[in-house]
Amino acid sequence: MQISRTLRRELIRAVSWVVLGALGGWAVGAIWAGIAVSLALRLLLHLRYLSGLRAWLDSPKQVVLPIVGGTWGEVFDGLLNLQKRNRKRKKKLAAILAEFQASTEALPDGAVVLGPNGEIVWFNAAAQALLGLRLPQDLGLRVANLVRAPAFTGYFARGDYSEDVEAPSALNPTITLAFRIIPYGNGQRLMIVRDISELKRMETARRDFVANASHELRTPLTVLRGYLDVMEAESRGEGPLQAWHMPLAEMRNQATRMESLIADMLKLARLESDVVHSRQDLLEVPRILGQVLEEAKAMSKGSHRFEADIQPDLRLFGRESELHSICGNLIGNAVQYTPAGGIIRVRWWGDDKGAHLSVADTGIGIAEKDIPRVTERFYRVDVGRSRASGGTGLGLSIVKHALEHHEGKLQVESELGVGSTFTCNFPLHRVSRGAARNEFRSHTH
Ligand code: ADP
């Protein structure tokens, strides 16, 4: 519609020019010459507007479009409107960008935008303060060359950003930073850096407090326990303490429980403050399992059947005391939570994924909703039963932490009334099979 109307108007105008030219030519006796002159004039006018438009397109700020009527006027008006709209949109975008930059500048966390090759595209003031980035020198440089903490470079190269990584600040080693990378768009990444030193200090203070309190409680408890041992022994005979036999025996039991609680709390505090063991001893797991199984059989007093399937040449790089804790707690729990007559199966085997230790029982089992929580500190499905059996509620927390030190993962499968299977999965690079004793060392050196 629009085009045809414009075309019609243009045609009418062209015809009027031809008629005017013909009239002018007729007046001087040369109609065709008149038409030719009129058309040439019209063509010249078009060329002028066209070159004006061309010049305006080249530098719209300097050149002013002529104010004319007709179709050219409409074209010019349309273009000016478009330009005005674009300017408005640009201004709006600039305002949004400025607002975004102001808000990210105000963030207490460092924000760094990274390009597809890990080069720094943009960063805020907090990132300058936390990482010591300089503006504009560091723009375009690769972040892995600027943040050189091994924990960070490993995390950055791995490409699995599902969790944060912690690393000490290069500017001040007493400051701990947490890095998180969020991939977006076309190979771009946003890196968020937080100062978590205060959190770390609080965590250390809490750990130290538990460790110190447990340590301080140990001595008075040893004294109490000593007296209780003597008095309880006395009360068994016919002496003045005879009437106190039951309470004394109970007090002694409770003192023993407190002792194992304190021992487990200290163990857990020590495990928490330790890091992953990188180069350790090659452990004879079959021997450790043999020891633990003997202890468990003594505890069971013949009321359970034990089955063991242990690969004799399969060893693990780790720390003996911690592996002993893992085996002891899992097999001890199997004995405690399996009624007499039940079967306890211990397996230690290797495959192409690594080494695995599983402890399966035919005991009371754990309800599905409780399974994710059993490794929490002091979490017991049945508090009464756990206490009665001398459990501290810390055993599986200890297992979890000790496993983390060995880069292992705990897997729990269980069904109420049927039994439970606890499996520890250790990564391949911690495993040694027979003659392959030197393999791990050559990897880690
Ligand atoms: P506890 O000292 O109470 O045994 P743990 O941390 O070792 O503490 O275990 C936590 C809880 O998990 C236990 O109280 C128990 O309810 C449950 N649990 C652990 N092992 C087993 C098992 N083999 N069978 C059934 N329940 C278990």
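Scanning the range 121-138 for residues that are among the hydrophobic types (A, V, I, L, M, F, W, C) and either free of Cβ contacts under 8 Å to residues at least 12 places away in the same chain or part of a helix (DSSP H, G or I) (or both) yields a count of 6.
Test of understanding: among 326, 364, 343, 310, which residue is touching a residue at least 40 places away in the same chain (Cβ under 8 Å), surrounded by 13 or more Cβ atoms within 10 Å (Cβ to Cβ), more than 34 Å from the chain's Cα centre (by Cα) and on the phi < 0 side of the Ramachandran plot?
Among 326, 364, 343, 310, only 364 is touching a residue at least 40 places away in the same chain (Cβ under 8 Å), surrounded by 13 or more Cβ atoms within 10 Å (Cβ to Cβ), more than 34 Å from the chain's Cα centre (by Cα) and on the phi < 0 side of the Ramachandran plot.
Tallying residues that are part of a strand (DSSP E or B) and of a type in the set (Ser, Thr, Tyr) within the range 165-188 yields 2. Report yes if some residue within the range 154-168 is surrounded by fewer than 16 Cβ atoms within 10 Å (Cβ to Cβ) and under 16 Å from residue 119 (Cα atoms); otherwise report no. Yes, the range 154-168 contains at least one residue that is surrounded by fewer than 16 Cβ atoms within 10 Å (Cβ to Cβ) and under 16 Å from residue 119 (Cα atoms).
Scanning the range 273-287 turns up one or more residues that are in a helix (DSSP H, G or I), at pLDDT below 95 and at negative phi. Residues of the range 169-193 that are out of contact with any Lys or Arg (no Cβ under 8 Å at 6 or more places or on another chain), more than 19 Å from residue 117 (Cα to Cα) and not hydrophobic (A, V, I, L, M, F, W, C): 169, 172, 173, 174. Report whether or not residue 419 is touching a residue at least 24 places away in the same chain (Cβ under 8 Å) and within 11 Å of the ligand (Cβ to nearest atom). Here the answer is yes, as residue 419 does meet what is asked.
Considering 268, 293, 289, 282, the condition of being in contact with a Lys or Arg (Cβ under 7 Å, 6 or more places away or on another chain) and under 26 Å from residue 348 (Cβ atoms) is satisfied by 282 alone.
The values are calculated or read from the model by the stated rules, or taken from the named source; none is laboratory data. Here the structure is a predicted model, which means the values were calculated and not measured. Cβ sites come from the backbone with ideal geometry, for glycine too, and all protein chains shown count toward neighbours.
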